[in-house]
Amino acid sequence: MKHSKLLLTLLLTSSSIFAWDNLHFYRASFFFGEPRFERQGLTTLNARVGAGSSTTARNGCSDKVCLLDVYGPQVAFKLGEGVPGKDLSNPQDLTLQMLEKVPARNCFGQFSFGGKFKTVELDLQLYQNICDGFFFELYIPIRKLEISNICMQDLTSECAPCPNKSTPIWQTYLNQYNNILNRYCLCFGDIDRSGIGDTSLIFGWATNYEETEHLDFIDFMFQAGVLFPTGRLSDPNIIFDLPLGYNGHYGIPLNMSMAFGLYEWFTFGGHVFAMPFSKKTREIRMKTSTTQNGFIKLAKGCAEIKRGAIWQVGTYLKADHFCRNISLLLGYSFSTERDSSICPANCAIFEPSVACSDDMFRGWKMHTIHLLGELDFLKECSFFGPRFGIFGNFIIGGQRIFNTHIGGAMVGIDLVWNY
């Protein structure tokens with residue numbers, strides 16, 4: 001009887017899911033999950049939907065700023081510096097050339113961009129236990145990303161000494177701004193992307209140690225697999241565009257989790273996750289001057305991209321079935337992506353040190369609080385156990401991230417074939 005109750009408890013405390021295409025700068029991280037129960041033949045199906053929106057970001061100094069100032073203001077008056085192939089008989093290129101010679105002073109020639117970001121995400125997961133603690137997992141995310149109400153504010157001072165907002169060449173530039181973007185095949189407008197993110201096939205091993213004197217159990221799990229770049233890539237010709245996954249890079253997810261049970265209702269757990277990425281060569285927009293900054297760059301070329309690895313550490317406390325079938329969880333995680341680097345294919349046009357100085361290739365950091373409530377209906381004599389839950393993920397700090405909190409609901413089913 002004691003073993004039967006322990007089996008039931010372990011099944012119910014191993015229900016939370018980890019999503020592999022999960023850690024992104026534009027929204028709060030989801031809860032990282034608990035160790036899996038090792039019972040042979042156990043099948044788990046999970047579905048989770050989350051949504052959130054934001055009009056603010058946190059810049060490299062952790063300050064809250066307008067959404068699209070996440071990498072700092074756009075240095076617009078240096079946009080044409082170093083750009084190859086300018087034709088000075090063209091009025092747009094001539095304006096860029098003349099503007100380069102204007103000295104930087106008092107925020108001259110800088111833009112601030114604002115907007116509203118929205119995301120809706122559906123995560124689908126299948127777990128299947130095989131034998132001796134080994135299992136595999138298939139994960140498919142489906143998401144919708146929107147950036148709307150994009151607006152631009154000229155930060156150039158009106159009353160500062162020349163150059164200022166009244167400087168003739170600056171006024172000429174503002175009048176020709178849209179034509180300049182069109183000349184270099186850049187599209188400025190709202191973003192609305194939806195589709196499948198990056199899918200993952202993961203293999204793992206779990207063990208649930210019960211022969212303890214003071215603890216109820218000790219759970220351990222290790223996972224490794226492959227993240228496939230099935231998500232749509234960002235378009236270098238569309239300003240502010242976002243990829244639906246990790247922008248074409250393969251990943252190797254590595255995950256380790258532990259949990260300790262006490263008093264037949266209390267669980268304490270921890271988690272470490274890392275995912276290095278493969279290199280990828282593709283056409284991107286690159287800086288041609290160290291003075292340039294922001295999303296908008298005119299020059300485009302091929303480059304080998306070495307994406308920085310993603311890391312996450314986290315911990316949680318769980319009141320498991322403290323009130324009949326209800327469980328509550330409080331967690332914290334720190335997520336980060338290391339700096340990326342690029343190697344331009346044509347170093348005669350794109351100086352590698354200049355191209356790599358882009359803040360868009362610098363890493364990000366995120367601190368998140370996770371809250372989760374779950375109601376389950378698995379009974380001792382049943383092979384079928386449905387679960388329902390609600391959750392909230394709240395960003396409490398970070399650098400170079402959108403300040404998007406995420407809330408939603410989830411449903412899961414555990415099937416115990418050889419109960």
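The values are calculated or read from the model by the stated rules, or taken from the named source; none is laboratory data. What you see is a predicted model; the values in this text were computed from it and never measured. Every residue, glycine among them, receives a Cβ derived from its backbone with ideal geometry; neighbour counts consider all protein chains shown. In case anyone asks, the SASA skips ligands and DNA or RNA and just uses the protein heavy atoms, side chains included. Shrake-Rupley method; radii C 1.70, N 1.55, O 1.52, S 1.80 Å.
For the peptides 395-402, 344-351, residues were scored by their other Cβ atoms within 10 Å and the scores averaged per peptide; the highest-first order is 395-402, 344-351.
Structural size metrics of the chain, computed from C-alpha coordinates, are Rg and Dmax of 25.2, 88 Å. Could you tell me which residue out of Leu201, Ala224, Tyr184 lies farthest along the dipole of segment 131-231 toward its positive end? Charges go on the beta carbon: Lys and Arg +1, Asp and Glu -1, centred on the Cα centre. Value computed over the given set: Tyr184.
When the chain is treated as a GNM with alpha-carbon contacts under 10 Å, the residue of Val49, Val102, Val313 showing the greatest mean-square fluctuation is Val102.
Within segment 282-313, find all residues whose amide N lies under 16 Å from a label point positioned 7 Å from the Cα of Cys347 along Cα-to-beta-carbon. Of the residues in segment 282-313, 302-306 have backbone N under 16 Å from the label point off Cys347.
For segment 51-191, the alpha-carbon coordinates run over 74, 34, 26 Å along the three principal axes, in decreasing order.
A Gaussian network model of the chain, with springs between Cα atoms under 10 Å, assigns the largest mean-square fluctuation among Ser54, Ser278, Ser234 to Ser278. Taking the charge dipole of segment 64-159 about its Cα centre, with +1 at Lys and Arg Cβ atoms and -1 at Asp and Glu Cβ atoms, the residue from Gln153, Gly80, Pro141 reaching farthest to the positive side is Gln153. Given R₀ = 30 Å, FRET efficiency for Asn149-Phe334 by Cβ-Cβ distance, to 0.05? That pair, Asn149 with Phe334, gives E of 0.45. For the chain, which whole-number percentage of the solvent-accessible area (1.4 Å probe, protein heavy atoms only) is attributable to carbon and sulfur atoms? The value for the chain is 61 percent carbon and sulfur by accessible area. Charge tally for Gln399 (other residues, Cβ to Cβ under 11 Å; Lys, Arg +1; Asp, Glu -1): +1. Rounded to the nearest 500, the 222 nm mean residue ellipticity of the chain from helices alone is -3000 deg cm²/dmol, with -39,500 (n - 2.57) taken per DSSP H run of at least 4 residues. For the chain, a Gaussian network of Cα nodes joined below 10 Å ranks Thr288, Thr230, Thr167 by mean-square fluctuation, and the top entry is Thr167.
At an R0 of 25 angstrom, the distance between the Cβ atoms of Phe134 and Thr43 translates into a FRET efficiency of 0.95.
Backbone geometry of segment 30-47 corresponds, through the Karplus equation with coefficients 6.51, -1.76 and 1.60 at θ = phi - 60°, to 3J(HN,Hα) couplings of 6, 4, 7, x, 10, x, 7, 7, 8, 4, 5, x, 5, 10, 10, 10, 10, 9 Hz, x marking Gly and Pro. By the gyration tensor of its Cα atoms, with a ≥ b ≥ c the square roots of the eigenvalues, what is the shape of segment 251-388: rounded for a/c under 1.5, prolate for a/b over b/c, or oblate? It is prolate, given that a/c is not under 1.5 and a/b is the larger ratio.
Of all GluC sites (Glu not before Pro) in segment 307-406, which ones are in loop regions per DSSP and have a Cβ with at most 12 other Cβ atoms within 10 Å? Answer in residue order: Glu380. Averaged per residue, the chain has 42 square angstrom of accessible surface, using a 1.4 angstrom probe with ligands and nucleic acids left out.
What do you get for trypsin sites (Lys or Arg not before Pro) in segment 236-309 restricted to DSSP loop and a cutoff of at most 14 other Cβ within 10 Å of the site's Cβ? Here the sparse-neighbourhood loop sites are Lys279. For segment 360-376, 3J(HN,Hα) computed residue by residue from phi via the Karplus equation (6.51, -1.76, 1.60; θ = phi - 60°) reads 5, 9, 7, x, 10, 9, 8, 10, 10, 9, 10, 10, 8, x, 9, 10, 10 Hz, glycine and proline entered as x. The stretch between Thr55 and Arg105, if pulled fully straight at 0.36 nm per residue, gains 15.2 nm over its current Cα-Cα span. 3J(HN,Hα) along segment 263-268, derived from phi through the Karplus expression 6.51 cos²θ - 1.76 cosθ + 1.60 where θ = phi - 60°, amounts to 6, 6, 8, 10, 10, 10 Hz, with x in place of Gly and Pro. Net charge around Met221, counting only other residues with Cβ within less than 15 Å of its Cβ (Lys, Arg = +1; Asp, Glu = -1)? Here the charged neighbours net out to -3. Across q = 0.22, 0.25, 0.28 Å⁻¹, segment 15-67 modelled as identical point scatterers on its alpha-carbon atoms has Debye log10 I(q)/I(0) values of -0.95, -1.09, -1.20, in the order of the q list.
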